[in-house]
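This report refers to the structure that appears directly beneath it.
Laboratory data are not the source of any read-out in this text; all were calculated from the coordinates shown. As the structure is a computational prediction, the values presented were derived from the model and not from experiment. FYI the Cβ positions are ideal-geometry reconstructions off the backbone, even for glycines, and counts take in every protein chain you see.
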Amino acid sequence: MISVWPLPGIPEIEQGHDLTGTILAGCRRAGLEVADGDIFVVTHKIVSKAEG
């Protein structure tokens, strides 16, 4: 089964941003629990912005 949820309250991503912390905080705000085997999809653009 595949489920997709948007994460609320994700700020503008800038160089040096903690993506893991931001994603986990978004999960908490959405009431989602992260479990073993969960897969997250993150766009290349967001990763590139965080890396600088």
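Apply the Karplus curve 6.51 cos²θ - 1.76 cosθ + 1.60, θ = phi - 60°, to the phi angles in the stretch 46-52 and return the couplings in whole Hz, x for Gly and Pro.
With the stated coefficients, the stretch 46-52 comes to 5, 5, 4, 5, 5, 6, x Hz.
Taking neighbour Cβ counts within 10 Å as the exposure measure, how do His17, His44 sort from fewest upward? List each step's numbers first, then the result.
Details: His17 17, His44 7.
Fewest-to-most ranking of His17, His44: His44, His17.
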